[in-house]
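The values are calculated or read from the model by the stated rules, or taken from the named source; none is laboratory data. Note that the coordinates shown come from a computational prediction; the quantities given were computed from them, not determined experimentally. Using ideal geometry, Cβ is built from the backbone for each residue, glycine included, and neighbour counts are taken over all protein chains shown.
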Amino acid sequence: MKKNQIPNRRFSTLIVIFLVSLISVQAQNIKGQNIKNIVLVHGAFLDGSGWEPVYNILTKKGYKVSVTQHSLQDFDDDVAAVNRIIEQQDGPCILVGHSYGGVVITQAGNNPKVAGLVYIAAHAPDEGELRADLVKQFPSAYKSLIKGSDGLDYIDPEKFPEDFAGDLEINKARFMANSQVPTADKIFKGIVNKSAWKTKPSWYMVAESDRIINPDLERFYAKRAKSKKVVEIKGGSHAIYTSQPEKVADLIKDASIGSLVSKIK
């Protein structure tokens, strides 16, 4: 062994220790800090007003929250609408999607301003993947989808409370049922061409009593995306973003901190 090999190894070891220590110090420095911009993306059949409880919690905590209002008529148009809101942010943001909104954030999340993704009982497809194929593997429990002759879909209002919002106060569930946004059937065939969860950190909430998306499919999405944190809500319905806003807001807050830590590693 050459004499200079031992000093070189010691020097290399010191460099590694220094870099690890630097990352640790940086992580400690940002502890308690977070990304303040949050963008909430609604799913099919409803508009952004269902996010109001989460909006109120986060804004009281000092977050700047934007709620998208996309048309639910064309997938590419919905992605463009969300990107417009992202571009209005004054810095990095956390993108949160519910249900079909998860598909939208999976595509729109490639925007450089997006630091992290939060999926709330949401689809998180891979490139070129049809959700219909996954639903065949993980069938949904509900049978109340009504497909109109004009290409617009909605959920039977009489069955909506049970199928969509089983853990929500009945009067609120009925209001949601009777204020649905007719949703173009073609958006469910929208294809993601680059999955943001492959390059951005993600967090996932599984609604254990979801009848719209099979909870096992939600678990599959979370596992495949290697989500940093997966929260399962016992008794949670598909309307969990409205029915249990505190738990949803807590996961978003975790993401707002965790995304900063991820950026320095």
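When the residues of the range 71-84 are narrowed to those that are in contact (Cβ under 8 Å) with a residue 24 or more places away in the chain and more than 16 Å from the chain's Cα centre (by Cα), which ends up nearest to PRO125 (Cα to Cα)? Top of the filtered list is PHE75.
Is the range 48-60 home to any residue that is touching a strand residue (DSSP E or B) at 6+ places or on another chain (Cβ under 8 Å), touching a residue at least 12 places away in the same chain (Cβ under 8 Å), in a loop (DSSP other than H, G, I, E, B) and not small (Gly, Ala, Ser)? Within the range 48-60 (the criterion being touching a strand residue (DSSP E or B) at 6+ places or on another chain (Cβ under 8 Å), touching a residue at least 12 places away in the same chain (Cβ under 8 Å), in a loop (DSSP other than H, G, I, E, B) and not small (Gly, Ala, Ser)), the answer is no, since none of the residues qualifies. Of all the numbered requirements in (1) surrounded by fewer than 20 Cβ atoms within 10 Å (Cβ to Cβ); (2) within 17 Å of LEU117 (Cβ to Cβ), ASN214 misses one, and that requirement is (2). Look at the range 208-233: where a residue is over 17 Å from GLU162 (Cα atoms) and a partner is at pLDDT below 95 and surrounded by fewer than 16 Cβ atoms within 10 Å (Cβ to Cβ), sitting 6+ places away or on another chain with Cβ atoms under 8 Å, you get LEU217/VAL135; LYS228/SER262.
Give the residue, chosen from ALA173, ALA122, that is in a helix (DSSP H, G or I), under 17 Å from ASP210 (Cα atoms) and either of a type in the set (A, V, I, L, M, F, W, C) or within 23 Å of the chain's Cα centre (by Cα) (or both). Just one listed residue meets the conditions, ALA173. Kindly evaluate GLY236 against the criterion of being touching a residue at least 60 places away in the same chain (Cβ under 8 Å) and out of contact with any helix residue (DSSP H, G or I) (no Cβ under 8 Å at 6 or more places or on another chain). It is false that GLY236 is touching a residue at least 60 places away in the same chain (Cβ under 8 Å) and out of contact with any helix residue (DSSP H, G or I) (no Cβ under 8 Å at 6 or more places or on another chain).
Take the residues in the range 49-69 that are under 12 Å from HIS98 (Cβ atoms) and of a type outside the set (S, T, N, Q); name whichever of them is surrounded by the most Cβ atoms within 10 Å (Cβ to Cβ). Among them, the one singled out is TRP51.
A search for C-beta distances below 6 Å between a residue of the range 150-176 that is in contact (Cβ under 8 Å) with a residue 24 or more places away in the chain and any residue that is assigned to a strand (DSSP E or B) and not hydrophobic (A, V, I, L, M, F, W, C), counting only pairs 6+ apart in sequence or on different chains, returns ASP153/LYS147; ASP153/THR183.
Does HIS70 meet the test of being modelled with pLDDT of 95 or more and touching a His at 6+ places or on another chain (Cβ under 7 Å)? It is false that HIS70 is modelled with pLDDT of 95 or more and touching a His at 6+ places or on another chain (Cβ under 7 Å). Quick check on the range 171-183. Is at least one of its residues surrounded by 14 or more Cβ atoms within 10 Å (Cβ to Cβ) and hydroxyl-bearing (Ser, Thr, Tyr)? Taking every residue of the range 171-183 in turn, at least one turns out to be surrounded by 14 or more Cβ atoms within 10 Å (Cβ to Cβ) and hydroxyl-bearing (Ser, Thr, Tyr).
Here LYS229, LYS265, LYS198, LYS253 are screened, and the one residue that is modelled with pLDDT under 95 and closer than 19 Å to CYS93 by Cα is LYS265.
Table: residues versus (1) among the hydroxyl-bearing types (Ser, Thr, Tyr); (2) closer than 19 Å to SER202 by Cβ; (3) modelled with pLDDT under 95.
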residue: PRO7; (1), (2), (3): no, no, yes
residue: ASN34; (1), (2), (3): no, yes, yes
residue: LEU40; (1), (2), (3): no, yes, no
residue: LEU46; (1), (2), (3): no, no, no
residue: ASN56; (1), (2), (3): no, no, no
residue: LYS60; (1), (2), (3): no, no, no
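Do we find a residue being in contact (Cβ under 8 Å) with a residue 24 or more places away in the chain, part of a loop (DSSP other than H, G, I, E, B) and surrounded by fewer than 13 Cβ atoms within 10 Å (Cβ to Cβ) anywhere in the range 85-99? There is at least one residue in the range 85-99 that is in contact (Cβ under 8 Å) with a residue 24 or more places away in the chain, part of a loop (DSSP other than H, G, I, E, B) and surrounded by fewer than 13 Cβ atoms within 10 Å (Cβ to Cβ).
Scanning the range 61-77 for residues that are part of a strand (DSSP E or B) and hydroxyl-bearing (Ser, Thr, Tyr) returns a single hit, SER66. Out of everything in the range 119-133 that is modelled with pLDDT of 95 or more and farther than 21 Å from SER49 by Cα, what residue ends up being surrounded by the fewest Cβ atoms within 10 Å (Cβ to Cβ)? Filtering first and then ranking leaves GLY128.
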